[in-house]
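Okay, handing you the structure first.
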Amino acid sequence: MHINRRNFIRTSAAFVGATVLATPAMASVLGTKSRYRISLAEWSFHKAIFAGEMSNLDFPRVTRELGMEGVEYVNQFFKDKAKDEKYLAELKKITKNEGVSNVLIMCDGEGMVGHPEKSEREKTVENHKKWIDAAAFLGCHAIRVNAGSRGTFEEQQKLAADGLHMLCEYGDKKKINVIVENHGGLSSNGDWLSGVMKMVDHKRVGTLPDFGNFTLDWNTGESYDRYKGMEQLMPYAKGVSAKSNVFNAEGDEANMDYYRLMKIVDDAGYKGFVGVEFEGSELSERDGVIATKKLLEKVFATL
């Protein structure tokens, strides 16, 4: 095949460029931009917030100060403010001024989505509606709920799916997604939670796969294979939580393979925020968040 000089130069340059960018170190040096944006889960600073050293209104400023682009709130840090539009307007103004996006609200303590009693499931749905409203006001895309239930494996799937479907119907009115994190018990079983997603069968439902939350029983320490679980939950993911606890000398998470985990995320075609959630005790909360962000950026450069 005949190739003229201009095409030869163009083809050679493209080949060399691709070769250079395939090297993680060079990709970092040349400033290759990842398709992933990093958000910060508020739970990363739960000690500081519980101690009164930081408030929910401070959180967006700290997020921007640490170089992250999105905030993931925890409802218990502004539990009585879900319907307080003055407060929510102030929070929204702060995030706008800081240039960070409101991503989601993690909701706890509002009842059992898969409660065996229909009336209790309906009550739980009602309890969550104010957080869907707050999420819509703030410009979030989702609330995170827990899929707790009681009964057999199959019974709990059906009950959780029923509660989630009711919640998604309300979420649809506000254009807010309802996402479930692997958060202990059966929700940390990839087979169970992926099955629930299929049963709900609603465009608003999804998962928030968490790298670290695959403990099935805290008493026995029984856990689900995190890599298998991530592969099962990523097809439904509308968020990703990069949990971290301990780092080794190279700056990698000591208990899990971030490269393998992010490869699973990447292979699934996910394009949303990846949320830093540090829960360790060997580093301060701030240093742990910084270490997790650095690790993610290092991993992103290899994808």
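Being polar (S, T, N, Q) and under 19 Å from M106 (Cα atoms) is the requirement here; does S223 meet it?
Numbers: polar (S, T, N, Q): yes; under 19 Å from M106 (Cα atoms): no.
Answer is no for this residue.
For region 125-159, how many residues are under 26 Å from F78 (Cα atoms) and either surrounded by 23 or more Cβ atoms within 10 Å (Cβ to Cβ) or not polar (S, T, N, Q) (or both)?
Keep residues of region 125-159 that are under 26 Å from F78 (Cα atoms), which gives 125-149.
Remaining after also requiring either surrounded by 23 or more Cβ atoms within 10 Å (Cβ to Cβ) or not polar (S, T, N, Q) (or both): 125-126, 128-145, 147-149.
Residues that pass the stated criteria total 23.
Return the residues of region 252-281 that are over 13 Å from the mean Cα position of the chain (by Cα) and open to solvent by less than 30 Å² (accessible area, probe 1.4 Å); say none if nothing qualifies. Walk me through how you get there before you give the answer.
Our first condition is that a residue be over 13 Å from the mean Cα position of the chain (by Cα); within region 252-281, this holds for 252-261, 263-264, 266-269, 279-281.
Correct list: E253, M256, Y258, L261, I264, G280.
Mind listing just one residue for me: the one in region 221-242 that is of a type in the set (S, T, Y) and more than 18 Å from I38 (Cα to Cα) and, of those, nearest to the chain's Cα centre (by Cα)?
Start the filter on region 221-242 by keeping residues that are of a type in the set (S, T, Y), which leaves 223-224, 227, 236, 241.
This time we only want the ones that are more than 18 Å from I38 (Cα to Cα), so: 223-224, 227, 236.
Values: S223: 20, Y224: 19, Y227: 16, Y236: 12 Å.
If we take residues in region 221-242 being of a type in the set (S, T, Y) and more than 18 Å from I38 (Cα to Cα), then Y236 is nearest to the chain's Cα centre (by Cα).
Which residues, taken from region 34-81, are open to solvent by less than 10 Å² (accessible area, probe 1.4 Å) and assigned to a loop (DSSP other than H, G, I, E, B)?
N56, M68, listed by residue number.
For region 234-260, which positions are part of a helix (DSSP H, G or I) and more than 19 Å from W43 (Cβ to Cβ)?
Filtering region 234-260 down to residues part of a helix (DSSP H, G or I) leaves 234-236, 258-260.
Within region 234-260, M234, P235, Y236, Y259, R260 meet the criteria.
Can we say N245 is open to solvent by 20 Å² or more (accessible area, probe 1.4 Å) and under 17 Å from the mean Cα position of the chain (by Cα)?
Details: open to solvent by 20 Å² or more (accessible area, probe 1.4 Å): yes; under 17 Å from the mean Cα position of the chain (by Cα): yes.
Spelling it out, N245 is indeed open to solvent by 20 Å² or more (accessible area, probe 1.4 Å) and under 17 Å from the mean Cα position of the chain (by Cα).
Check whether at least one residue in region 218-236 is among the charged types (D, E, K, R), open to solvent by 50 Å² or more (accessible area, probe 1.4 Å) and within 27 Å of F59 (Cα to Cα), and report yes or no. Give the steps one after another, and end with the answer.
Initially, region 218-236 is screened for residues among the charged types (D, E, K, R), giving 222, 225-226, 228, 231.
Among the residues that remain, those that are also open to solvent by 50 Å² or more (accessible area, probe 1.4 Å) are: 222, 225-226, 228, 231.
Checking which are within 27 Å of F59 (Cα to Cα) leaves us with none.
Checked region 218-236: no residue is among the charged types (D, E, K, R), open to solvent by 50 Å² or more (accessible area, probe 1.4 Å) and within 27 Å of F59 (Cα to Cα).
Could you tell me which of the residues A136, A160 is touching a residue at least 40 places away in the same chain (Cβ under 8 Å), of a type in the set (A, V, I, L, M) and either under 24 Å from K86 (Cβ atoms) or in a loop (DSSP other than H, G, I, E, B) (or both)?
On the way: A160 fails: either under 24 Å from K86 (Cβ atoms) or in a loop (DSSP other than H, G, I, E, B) (or both).
Within the list A136, A160, the selection yields A136.
Checking the conditions here, which among G148, G109, G114 is modelled with pLDDT of 95 or more and over 17 Å from E42 (Cα atoms)?
Numbers: G148 fails: modelled with pLDDT of 95 or more; G109 fails: over 17 Å from E42 (Cα atoms).
None of the others qualify; the one that does is G114.
Within region 187-220, restricting attention to residues that are closer than 18 Å to M166 by Cα and either among the charged types (D, E, K, R) or assigned to a loop (DSSP other than H, G, I, E, B) (or both), which residue is nearest to the chain's Cα centre (by Cα)?
Once the filter is applied, the top-ranked residue is R204.
What are the pairs, 6+ residues apart or on separate chains, where a residue within region 246-272 that is under 16 Å from S223 (Cβ atoms) has its Cβ under 8 Å from a residue that is in a helix (DSSP H, G or I) and open to solvent by 40 Å² or more (accessible area, probe 1.4 Å)?
Here the result reads M256/R226; L261/R226, each pair linking region 246-272 to a residue that is in a helix (DSSP H, G or I) and open to solvent by 40 Å² or more (accessible area, probe 1.4 Å).
The values are calculated or read from the model by the stated rules, or taken from the named source; none is laboratory data. The structure displayed is predicted, hence computed values, not measured ones. Cβ atoms come from the backbone with ideal geometry, glycine included; neighbour counts cover every protein chain shown. We work out accessible area using only protein heavy atoms, side chains counted, and drop any ligands, DNA or RNA first. Shrake-Rupley method; radii C 1.70, N 1.55, O 1.52, S 1.80 Å.
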